[in-house]
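K.L.:
Got a structure for you, questions after.
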């Protein structure tokens, strides 16, 4: 089906609910979903994703392209954020201006959203309404219930959408953690009631649909972390995802249990600790020791919490590993604990950190060595539990790469449920009978470049790769009316490694060559900027390849006076 | 210890053997080792490594910096290559000119080396002597014995160096494969004899020193691959490392056993098949079906061998996954088998291939699903076996990243052996008593840029990153003697995404700004290229940041006439 630029151009029956994923289906990251009903739209989540090895240089943050919404902007009833992770709330300050409608979320998420909006100077403009977990509300024609689940961040909300006679359960990110340590338990009674009531569609998290068993509990993680830390005789530095309040809570308790004091390195940990305490979590978390006072404590009483579990080069853990942290120098026999998973793509970065630490004789403990991390997403047995409890007629896998969504659909089918594959841009009508694709809208990825969101296919971004691979050479010629050189040609090279070739001799040779080239051209060529540039580029290309073995990008400036 | 530029400046006792790793210690890749004795040097291996996420853009291949050898070039007795992998022989055509001495290796390795030297036009210049596995020879003062081990390529040779009263066993890459399928068994009798004789130093492979157990046999791999392929009803495409002749042999046999015919996609597989056959391996490998004749065979009789087990974008498997291979289109229900490991750093690239294949409903089987790959390097039990057989006094771990070499040393110490950590550039004297670091030479990494080897720290290469991140803007001004503009300023942008800002309006504004900037400068500034450039760059920087949110690199051409 050919994608259409504007959602308004798709023929949609307003009496039938519809679903349009614009981000997060076919990828892990930048979740952005739309539900439509009675001519109105509800946005569910506004997430970002981070650059990887396919992203053009100079781009770190990526947002979904939601330009198809422009034509229906006035019909957006509101924006709902299910929970506080970057791939669900991280684009709010980049994309809100394109929608300009009220935002609804629970308190912890609101606190995170407010920080982002504040940094972008949008706090006064965005109507942000806090809702209570478990509450119901109507946003335009959308009857909504916030159903409490568990995840690796407090307040993971599923949404029950009651749209006429159709009930849709949008899971958001979830797992079944019997001992979540911080925050509410998942509302299993309500889930079973909803199963009695009857769910038509479940739109759900596929992240771990290829993984057997259960994701495990934060409480098990606490026990394993306690065992690891209790064994250590010297300083221990732990890194984990900053937003995982349960993990922070476990580490706080372990400090008590092992007679250690906690000091924190890294802004994002401070921010999340503050957010958690401000919204009623981490009530027993110990007072922090200022980093500058660490020296007063014996190493055996120090427990450091550091950002950078993915080896991010500017975060605290990378600086500790390199011995470049301004506030703390790890010493031989200290222990570093990675209470986190390795996000695919970060393997090499982390192996380098492990190596740097090993070279300094610092012990490294990862989830390979002890069960000190649990995932926040449902494994196959949890999916089965949920589908038996909710008994949905039809599953729409989202939140995963293709292989995760396919495994999710196959698992649903093995339980006798219907399953439909979607991809970003699909417009699905969700009648009581069966889902049906009624159209497709344009979507895509926009990279944050300075203050602009730029399509990743932008020509300027692909030019960057060519610049990066070969560098650039500029040649400036000033010609008079008779197309004679008025001054010495000027040359500059950027990013052109010359090895053992002398750049001065290359420049001198090029200057000589220019005289020759000019003398060989017809007056037609000489008088056309375009033709003359082409002729010069052709010759320069040959010469550069011969001298350097590479062909840098050429920029030829012709000035005629 | 401060590194010194020339090996000749290090005070070395010529009567004591010495060891100098120049590449491969502290990294997996670009092995380059030196042994010294009686004022002469022996080069062992000349390997490359491949670019990773830390490498500057535009560099794919990396060689060790061996400039410290310049001053002792005439004292190099010869070059020995242990086996045919890229990290041992891959730099021969890039680095040989710096040494210009005879090369010694066994037949299979020689065949691979000749192809490389041929491509570089060096075949006539390089004296390449084939030696027999198990043979002994003298290269200058170096008494050498080639000891046969097993690995994931035919003819993996360890070297026994007898230097006066000191015996050094240089393992090269090895494992203990009881059923190597192709090529000789490891020479366990000779290893035990050497144990009787007494080995002073073992310089050895650390790759799998963190992995418990045994690496497994190619024969087990054959069985598992047979089970996987026999189950399939449609086309099967297998990818593996092209140099793994045993794996190719297994796949050849499986074709017989499952009634399939083999077709090959990818140049490197052709090359290695040819090399293997020319040197007496793969005698039972079936005749290939030309790809263009595949259509005459039912899908169930097709077995495709494809290059690209690491997801290399230009190799056959990536093209098959994208549906872009000119000769073959995989179909739903076909099966793709990755008979290989994921080399760290390639995870995301491979996950993307798995996804593309899953989307086309093509089954993917990896070593996660079945034991269809074995490593070519010794795990901990193999290291123990070897050290019990050889009973070396002292272990020097090489061929590994820091954590592998540390684990290797700890394992050796747990067996009561001595162990010494080295890193590239260390100069170690190996007396009968004990090793001793006597100096350090400069080493490093050189990137292949066109036909030059350039230090990765070259300023031009770091400029490339800045170009890639922000793009570049050139401004050309032609000024007369009175520093007045002679013509309109010219501007060009490369790699500068402008988002919703009109570039023409930026250009017009900059042109206006230039007039202002010129009018505000003192004549001292106006008459100095340097000061005027600085003033212009400062102003442009502010303006560009305001308009675009980024600061591209600026190149200002000032032409005075």
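No value in this document is a laboratory result; all are computed from the given coordinates. Bear in mind that the values here come from a model prediction, so they are computed numbers and not experimental data. A quick note on method: Cβ atoms are made from the backbone with ideal geometry, for glycine too, and the neighbour counts reach across all protein chains shown.
K.L.:
Between the label point of residue A:257 and that of the same position in each other copy, find the distances and list them shortest first in nm, with every label point placed 7 Å from Cα along the Cα-to-C-beta direction.
P.N.:
So the distances to the same position in the other copies read 5.0 nm.
K.L.:
Using the 10 angstrom Cβ neighbour count as an exposure proxy, how do A:385, A:214 rank, fewest first?
P.N.:
Listing A:385, A:214 from fewest to most nearby Cβ atoms yields A:385, A:214.
K.L.:
Mind listing the label-point distances from residue A:301 to the same position on all other copies, shortest first, one decimal in nm, points 7 Å along Cα→Cβ?
P.N.:
Reported distances to equivalent positions: 8.1 nm.
K.L.:
OK, next. Round to the nearest 0.05 the FRET efficiency obtained for residue A:519 and residue A:457 when R0 = 45 Å and r is the Cβ-Cβ distance. Numbers along the way, then the final one.
P.N.:
Details: r = 42 Å, r/R0 = 0.94.
E(calc), rounded to 0.05, equals 0.60.
K.L.:
Using a/c under 1.5 as the rounded threshold, could you call chain B rounded, prolate or oblate? The axes a ≥ b ≥ c are square roots of the C-alpha gyration tensor eigenvalues, and prolate needs a/b larger than b/c, oblate otherwise.
P.N.:
Numbers: a/c = 2.49, a/b = 1.37, b/c = 1.82.
Here chain B falls in the oblate category.
K.L.:
Moving to a separate point now. Could you check the spin-label model distance between residue A:2 and residue A:74? Points 7 Å from the Cα along Cα→Cβ, value in nm.
P.N.:
2.8
K.L.:
In deg cm²/dmol, rounded to 500, what helix-only [θ] at 222 nm does chain B give when every DSSP H run of at least 4 residues adds -39500 (n - 2.57) and the total is split over its residues?
P.N.:
-9000 deg cm²/dmol
K.L.:
Quote to one decimal, in nm, the extra length available between residue B:301 and residue B:220 on full extension: 0.36 nm per residue of separation minus the C-alpha distance between them. Mind showing how you got there, number by number?
P.N.:
Working: separation 81, 0.36 × 81 = 29.16 nm, distance 2.37 nm.
Fully extending the segment from residue B:301 to residue B:220 adds 26.8 nm.
K.L.:
Among A:127-135, A:490-498, B:143-151, B:66-74, what's the highest-first ranking by average C-beta atoms within 10 angstrom per residue?
P.N.:
Ranking, from highest mean packing down: B:143-151, A:490-498, B:66-74, A:127-135.
K.L.:
So if each residue of separation counts as 0.36 nm, and I subtract the Cα-Cα distance between residue B:188 and residue B:284, what length gain in nm does that give? Each step should come with its number before you reach the end.
P.N.:
Values: separation 96, 0.36 × 96 = 34.56 nm, distance 2.68 nm.
Contour length minus the Cα-Cα distance gives 31.9 nm.
K.L.:
Nearest 0.05, what FRET efficiency do residue A:483 and residue B:502 give at R0 = 30 Å with Cβ-Cβ as r?
P.N.:
Numbers: r = 33 Å, r/R0 = 1.08.
FRET efficiency, residue A:483 to residue B:502: 0.40.
K.L.:
I would also like to ask the following. What is the ratio of the Cα radius of gyration of the protein assembly as shown to 2.2 N^0.38 Å, with N the residue count, to two decimals? Display every interim value, and only then the final one.
P.N.:
Details: Rg = 32.7 Å, N = 1122, 2.2 N^0.38 = 31.7 Å.
Relative to the rule-of-thumb radius for its length, the protein assembly as shown sits at 1.03.
K.L.:
Tell me the angle of helix A:188-197 to the major Cα principal axis of chain A, expressed in degrees between 0 and 90 and rounded to the nearest ten.
P.N.:
Value to nearest ten degrees: 90.
K.L.:
Further question: Could you compute the FRET efficiency for residue A:393 and residue A:437, with r as their C-beta to C-beta distance and R0 at 25 Å, rounded to 0.05? Mind dumping the intermediate values first?
P.N.:
Working: r = 17 Å, r/R0 = 0.70.
Approximately 0.90, to the nearest 0.05.
K.L.:
I want to check the label-to-label distance for residue B:331 and residue A:421. Put each point 7 Å from Cα in the C-beta direction and report it in nm to one decimal.
P.N.:
1.7
K.L.:
Another question, if that's okay. In the protein assembly as shown, what % of DSSP beta bridges are antiparallel (nearest 5)? Working shown, then result.
P.N.:
Details: 100 of 190 bridges.
Around 55 percent of the beta bridges assigned by DSSP in the protein assembly as shown are antiparallel ones.
K.L.:
Can you give the average number of partner chain beta-carbon atoms within 10 Å of each beta-carbon in peptide A:480-488, as a whole number? If you can, show how the numbers build up before the last one.
P.N.:
Numbers: counts 1, 0, 0, 0, 0, 0, 4, 4, 1.
Shielding by partners across A:480-488 averages 1.
K.L.:
Here's something else I'd like to know. Run through all the Cα pairs of the range A:510-555 and give the fraction in each 5 Å bin from 0, expressed as whole percent.
P.N.:
5, 23, 30, 23, 13, 6, 1
K.L.:
Shifting gears a bit: Would you mind telling me the antiparallel percentage of the DSSP bridges in the range A:471-560, rounded to 5? Don't skip to the end; give the middle numbers.
P.N.:
On the way: 6 of 14 bridges.
Rounded to the nearest five, the antiparallel share is 45 percent.
K.L.:
Peptide B:446-454: average number of partner chain Cβ atoms within 10 Å per residue? All intermediate terms of the calculation are to be shown ahead of the outcome.
P.N.:
Values: counts 1, 2, 2, 10, 14, 8, 9, 3, 4.
Per residue, the average neighbour count from other chains is 6.
K.L.:
If packing is taken as the mean number of other Cβ atoms within 10 Å per residue, what is the order of A:270-277, A:57-64, B:281-288, highest first? Can you show the working numbers first?
P.N.:
Working: A:270-277: 19.1, A:57-64: 22.1, B:281-288: 14.9.
Result, highest mean first: A:57-64, A:270-277, B:281-288.
K.L.:
In addition: Hey, could you grab the Kirkwood Rh for the range A:471-560? Inverse mean 1/r over distinct alpha carbon pairs, Å, one decimal. Write out the running numbers ahead of the final one.
P.N.:
Numbers: mean 1/r = 0.0749 Å⁻¹.
Across the range A:471-560, the inverse of the average 1/r is 13.3 Å.
K.L.:
By how many degrees, 0 to 90 and rounded to 10, does the Cα axis of helix A:529-548 deviate from the longest principal axis of chain A?
P.N.:
The angle comes out near 80 degrees.
K.L.:
Report, for chain B, the % of DSSP beta bridges that are antiparallel, rounded to 5.
P.N.:
Numbers: 50 of 95 bridges.
Bridges in chain B are about 55 percent antiparallel.
K.L.:
Mind ranking B:106-114, B:20-28, B:409-417 by how tightly packed they are, going by the mean number of other C-beta atoms within 10 angstrom, highest first? Present the calculation step by step, with values, prior to reporting the outcome.
P.N.:
Details: B:106-114: 22.8, B:20-28: 24.4, B:409-417: 15.6.
Top to bottom by mean Cβ count within 10 Å: B:20-28, B:106-114, B:409-417.
K.L.:
Kindly identify the range B:218-365 as rounded, prolate or oblate by the Cα gyration tensor criterion: order the square roots of the eigenvalues as a ≥ b ≥ c, call it rounded if a/c is under 1.5, otherwise compare a/b with b/c, prolate if a/b is larger, else oblate. Intermediate values should be presented prior to the final figure.
P.N.:
Numbers: a/c = 1.40, a/b = 1.20, b/c = 1.17.
It is rounded, given that a/c, with a ≥ b ≥ c, falls under 1.5.
K.L.:
For residue A:485, place a label point 7 Å from Cα along the Cα-to-Cβ direction in every copy; what are the distances to the other copies, in nm, shortest first?
P.N.:
Ordered by increasing distance: 2.6 nm.
K.L.:
Going by alpha carbons, how many degrees (0 to 90, nearest 10) lie between the helix axis of A:107-119 and the longest principal axis of chain A?
P.N.:
Computed tilt is about 20 degrees.
K.L.:
Considering every residue in A:335-347, what mean count of other chain Cβ atoms within 10 Å of its Cβ is obtained?
P.N.:
Numbers: counts 0, 0, 0, 0, 0, 0, 0, 1, 2, 5, 6, 3, 7.
Counting Cβ atoms of other protein chains within 10 Å of each residue's Cβ and averaging gives 2.
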